[in-house]
Amino acid sequence: MSKPVSTTVKCQDPGDGSGDVIIDLPQDVLKALNVELGDLLSVELVNGPIELSRFELLLARLTRTDDAVIVDWISVPRPNR
């Protein structure tokens, strides 16, 4: 597991009325997260600070019963590059 990196970023309004925000992540943060253009990030609010991590792949296993479909989610860590 990599060492946590802390930084402060400015949230920018995209101006489209969506309520979304845009942030520019510094290169040292991107490098520490081992992310590249096109990667997905998980964003979680954890006891105050917002935590970013490289998104893990999720696989779904569907099991059909007589009256339902059961979905089991399996988390698969992405390999480091």
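Based on this model, can you work out whether L45 counts as within 18 Å of V21 (Cβ to Cβ) and either surrounded by 10 or more Cβ atoms within 10 Å (Cβ to Cβ) or hydroxyl-bearing (S, T, Y) (or both)? Here the answer is no, as L45 does not meet what is asked.
All told, V35 meets the bar of being in a loop (DSSP other than H, G, I, E, B) and of a type in the set (A, V, I, L, M). Hey, among the residues in segment 48-81 that are surrounded by 10 or more Cβ atoms within 10 Å (Cβ to Cβ) and basic (K, R), which one's modelled with the lowest pLDDT? Applying the filter and picking the extreme gives R78. Selection of segment 5-29 for residues being modelled with pLDDT of 85 or more, outside any loop (DSSP other than H, G, I, E, B) and within 15 Å of the chain's Cα centre (by Cα) yields only I22.
The values are calculated or read from the model by the stated rules, or taken from the named source; none is laboratory data. If you're wondering where the values come from, they're calculated on a predicted model, not measured in any experiment. Reconstructed Cβ throughout: ideal geometry from the backbone, glycine too, with neighbour counts over all protein chains shown.
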